[in-house]
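Only one structure is covered here, and it is reproduced in the block below.
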Amino acid sequence: MKYSKYFLIIAFFGIVTSCSDFLDRTNPNEPDNVTFWVNEDQLKNALPPCYEALQKDYLVNWSESTAETVMWGNITSGLSKVSGGKHSYTDGFPFTTYWTGAYSYIYRCNNFLDNYNKAQVAQNKKDVYAAEVKTIRALMYFYLTTFWGDVPWVGEVIQPEDAYIERTPREKVIDQLVEDLKWAASLYKSPEEHYVDYFQNRDPRMKMTLYAPGDKWPGGDDGDPDTDKANEIFNLPRFASLQDNNRVGANSRTGFYLKKYNDIDLAGSSVGGHGNLNVIRFAEILLIYAEATFELQGKKLTQTQIDYSINRLRDRVNMHRMNLDELSAWGMDLETELRRERRIELAGEGTRYADVMRWREGELRFGRAITGPSLKVCMNDLGANPYPDTGVDEFGDVIYEKSTAEGGARYFDATKHYLWPVPNPERQKNPLLGQNPGWEK
């Protein structure tokens, strides 16, 4: 029980050769331990080599492709042989590969933990980084003890001559993991304690897109304790269930309000809005240029091309510039960041659905629960959960509508949802239209 109970903390964070070789393997990009560990930026730059452990070979293939539900490759594949009992102790893959791989990441984590206290950074701040690393190390030992039982416990960087050690009993390894995860959990603090926290230390475009606490407010009563007095300044989101179910103010379902397009002098007009809608603007042209060039060049962009496109948008709002060297050092993927940039810049401008379809990210983006602020924020600022009957998701956010993961109806089926169904009345008039895959004929 102790094993399973504290391993769940790993998910909460977010997380995730020879004997001497697997204990001594190093990353060529690792910091110089003599001169490196000085400031917080260096601590941040030392994290990505540890986070490289959170890759598909360890998160998926190791424990899924060796099970009976997946045939990975052909019948002679090292992964597929395991579930059929055809594996041998002499097989290099997956046994030697995963053993040495796990210990190589344990080495990286140990190197961080052995040196992070040298940094001239407040102890409580640098301990948070160490907590992340201990959690990653715990995940590697979780896999090792799951598949091999007793394994050598190595809690610090050791020299090659010290690497020939006996296996540590599994229970002792687990006890150490529990202690590490207890310590890590004790340092964790939700970044959002109050609603205003969502808008702190963010891309400046967030406050340009959404109403933030302190903004002039055209929405009548907000989510403050009274239920019928209009507010000139916005501070809290308004949920009907917490405001006598009245419509004296702008009730929200998610707790966030779109400010883009909203002319405060015209908001609330009974004849509708008179804002100018964007058909296409220069920002989108730059984003199209960046994405198209990235695809044409084999998933690559030069720094000059990024400066010409993405950084022209960021400079306009004094946002930190995108830098290829920094993305590499921080373990960030350029494609992901280009797509994130488009999501931020064009929020609410009518491009999102088409973007997700083009990127084939429906399984990742659609069919998920519709959520609001975290339960902690709701209790701290509003005094109650506006949706007590639907619970919270895995991140602690209150749920407005559940997905199938929470027992609800929202889902995404990749076999049919990438295309809409041909309208039934049109098919009845013209049977030659047929139907898209997956939809009822």
Quiz item: Taking the stated definitions as given, is Ile306 closer than 24 Å to Arg205 by Cβ, crowded, with 16+ Cβ neighbours inside 10 Å and of a type in the set (A, V, I, L, M, F, W, C)?
Solution: yes
Quiz item: Does Tyr261 count as surrounded by 12 or more Cβ atoms within 10 Å (Cβ to Cβ), not in a loop (DSSP other than H, G, I, E, B) and not aliphatic (A, V, I, L, M)?
Solution: no
Quiz item: For Ser186, all conditions in the list (1) at pLDDT 95 or above; (2) not in a loop (DSSP other than H, G, I, E, B) hold save one; what is the number of the exception?
Solution: (1)
Quiz item: Taking the condition surrounded by 12 or more Cβ atoms within 10 Å (Cβ to Cβ) and at pLDDT 95 or above, does Met322 pass?
Solution: yes
Quiz item: Right, Asp222: among the acidic types (Asp, Glu), surrounded by 14 or more Cβ atoms within 10 Å (Cβ to Cβ) and over 26 Å from Thr351 (Cα atoms) or not?
Solution: yes
Exercise. Return the only residue of Leu327, Leu313 being part of a helix (DSSP H, G or I), at pLDDT below 95 and under 26 Å from Asp41 (Cβ atoms).
Key: Leu327
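Rundown of residues vs (1) in a helix (DSSP H, G or I); (2) surrounded by fewer than 17 Cβ atoms within 10 Å (Cβ to Cβ); (3) over 26 Å from the mean Cα position of the chain (by Cα), yes/no style:
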position	(1), (2), (3)
Tyr103	yes, no, no
Ala131	yes, no, no
Val154	no, no, yes
Glu161	yes, yes, yes
Quiz item: Restricted to segment 168-190, and to residues that are in contact with a strand residue (DSSP E or B) (Cβ under 7 Å, 6 or more places away or on another chain) and surrounded by 13 or more Cβ atoms within 10 Å (Cβ to Cβ), which residue is nearest to Thr145 (Cα to Cα)?
Solution: Val173
Exercise. Quick one: in segment 379-428, of everything that is in a loop (DSSP other than H, G, I, E, B) and hydroxyl-bearing (Ser, Thr, Tyr), which residue is farthest from Phe256 (Cα to Cα)?
Key: Thr415
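The values are calculated or read from the model by the stated rules, or taken from the named source; none is laboratory data. None of the values given here were measured: they were computed from a predicted structure. Neighbour counts run over all protein chains shown; Cβ positions are idealised from the backbone, glycine included.
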